[in-house]
Amino acid sequence: YETRTPQSREHALFRDLKAIVSVAKPRAAALRRQMRGIKISEIKKREDLVRIPILRRKDILELQEGEQPFGGLVPTRPGALKRLLMVGSSMFMPEGFAKDWWGAARALCAAGFEKGDIVLNCFNYHLHTHGHIIESGAHALSCAVIPAGIGDIDEQVEAIHHLKPTAYCGDPERLKALLERGASLNRDVSSIRKALVSNGPLTEQMRKSFAFKGISVRQAYMTSDLGVVAYETTSAEGVLAEGMVVNEGLILEIVRTGSSEPLPPGEIGEIVVTRLNADFPLVRFATGDLSMILNGPSPCGRTNLRIKGCMGHVNGSAMVHGKLIHAHQIAQVQKIYPNLQRMRMVVMKMGARDALFLQVEAQRADAALINTLAETVRDILELDTEIDVFVPGTLPHDGRLLVDERT
């Protein structure tokens, strides 16, 4: 599957999308509402997806508040699920019985995990999804798992000393802390030789430090609702390949922040994912994370899309003068002025008051355009803004439409 031609993969993805949505719609009220007026048989390629409204985490929270337990998004009845999980204090997630339900096995395999490995799993198990995401993938590869969770670090060091795990999963800071604590307690933690990390920055310095200790570390991008979305790979020469390969069974788009408009490779925007899972078919789910699609296939031989990785988070809203403004409102302004190449709203503290500055890139901007732009912002946001004009190519290429610089 990982080395299929892109054309055969696209055909399979949209065939499966049609089959899963057709079966799930009668049993998932929220999915029916999301697809209202749309014939799934007409969604045949990526360009057609823009017709489907984007679903966000705040939408899921509202849906779950109104229709328990899963907001009408899960066609499988709760009693037929493997686990019912909780993320944070108010979001609930299902887990089904299918092998590698969260799609973690490919990421673990790409990180060098194999049958017979003993995995120290330091992702959270307590009601949360991440521990189970990794464990399901490890079991799919016939690995043994030590369910360490996020518990006491001295106990985890003792487990490493006695059980000799060959692999680690968790955030990179915890791995660093375990190695340091093991040395201070004079316990043997040298059995770990490979790791898959997520949920925290893996700096180049940390990667080199782990490599010096004989540990090969790879990253995955995963979320509590989607499982593993993308993962790092290694080329045939054993070199870390650039970016992350998108997981199988997902349709990933990069859209302009605050809108549903797909962006071409090289443009930074929000990650939107359609997950082809019969128990929990999320369609056009916006993660709130930023990335961009890289051109060309990975040197590792896998043929799926590559993304840069998680490049930050979308700043969704800001409170200014008692009014809540959103990134999608800036996208609305941008849509009215397509000739302005780049645009973002910056909220700053000017003395004792908050101030809005709409930064735009333009070859030419006369007084008439600036006044019209300010009026448009006033109509949409009901707030006044200063207009700052920049030479094209000057503004940060980070995909953010709303930047709050107040302390």
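Figure legend. Inter-residue proximity from segment 148-169: first residues farther than 18 Å from His130 by Cα and hydroxyl-bearing (Ser, Thr, Tyr), second residues modelled with pLDDT of 95 or more and surrounded by fewer than 16 Cβ atoms within 10 Å (Cβ to Cβ), beta-carbon distance below 9 Å, spacing 6+ or different chains. Indicated pairs: Thr166/Gly116; Thr166/Ser191; Thr166/Arg193. Are there any pairs, at least 6 apart or on different chains, whose C-beta atoms fall under 8 Å, with the first in segment 172-189 and free of Cβ contacts under 8 Å to residues at least 60 places away in the same chain and assigned to a helix (DSSP H, G or I) and the second of a type in the set (Val, Ile, Thr) and open to solvent by 80 Å² or more (accessible area, probe 1.4 Å), and if so, which? Close Cβ pairs satisfying both conditions: Arg174/Ile150.
So, in segment 226-244, of the ones that are β-branched (Val, Ile, Thr) and part of a loop (DSSP other than H, G, I, E, B), which residue ends up most open to solvent (accessible area, probe 1.4 Å)? Restricting to residues being β-branched (Val, Ile, Thr) and part of a loop (DSSP other than H, G, I, E, B), the top hit is Val239. For segment 186-207, a residue qualifies if it is over 18 Å from Ile146 (Cβ atoms) and of a type outside the set (S, T, N, Q), and the qualifying residues are Gly200, Pro201, Leu202, Glu204, Met206, Arg207.
Do you know which of the residues in segment 193-217 that are touching a Pro at 6+ places or on another chain (Cβ under 6 Å) and part of a loop (DSSP other than H, G, I, E, B) is modelled with the lowest pLDDT? Here the answer is Gly200. Count of segment 307-328 residues, restricted to those that are open to solvent by 20 Å² or more (accessible area, probe 1.4 Å) and either over 17 Å from Arg344 (Cβ atoms) or among the polar types (S, T, N, Q) (or both), is 9.
Within segment 114-128, count every residue that is touching a Gly at 6+ places or on another chain (Cβ under 8 Å), open to solvent by less than 30 Å² (accessible area, probe 1.4 Å) and either within 24 Å of Val239 (Cα to Cα) or in a loop (DSSP other than H, G, I, E, B) (or both).
Within segment 114-128, residues that are touching a Gly at 6+ places or on another chain (Cβ under 8 Å), open to solvent by less than 30 Å² (accessible area, probe 1.4 Å) and either within 24 Å of Val239 (Cα to Cα) or in a loop (DSSP other than H, G, I, E, B) (or both) number 2.
Would you say Phe123 is of a type in the set (A, V, I, L, M, F, W, C) and touching a His at 6+ places or on another chain (Cβ under 8 Å)?
When the stated conditions are applied, Phe123 passes them.
When the residues of segment 74-95 are filtered to those that are over 14 Å from Asp225 (Cβ atoms) and in a loop (DSSP other than H, G, I, E, B), the one that is most open to solvent (accessible area, probe 1.4 Å) is Arg77. Among residues of segment 199-214 that are farther than 15 Å from Leu240 by Cα, those with a Cβ under 6 angstrom from a residue that is part of a helix (DSSP H, G or I) and charged (D, E, K, R), sequence gap 6+ or separate chain, pair up as Gly200/Glu173. Only one of the numbered conditions (1) closer than 18 Å to Leu263 by Cβ; (2) touching a helix residue (DSSP H, G or I) at 6+ places or on another chain (Cβ under 6 Å) is violated by Leu294, and that is (2).
Would you check if Asp59 is assigned to a helix (DSSP H, G or I) and under 28 Å from Val314 (Cα atoms)? So Asp59 passes the test.
The values are calculated or read from the model by the stated rules, or taken from the named source; none is laboratory data. Being a predicted model, the structure only gives us computed values, none of them experimental. Virtual Cβ from ideal backbone geometry, glycine too; neighbours counted across all protein chains shown. Calculation scope for accessible area: heavy atoms of the full protein, side chains included, ligands and nucleic acids excluded. Shrake-Rupley method; radii C 1.70, N 1.55, O 1.52, S 1.80 Å.
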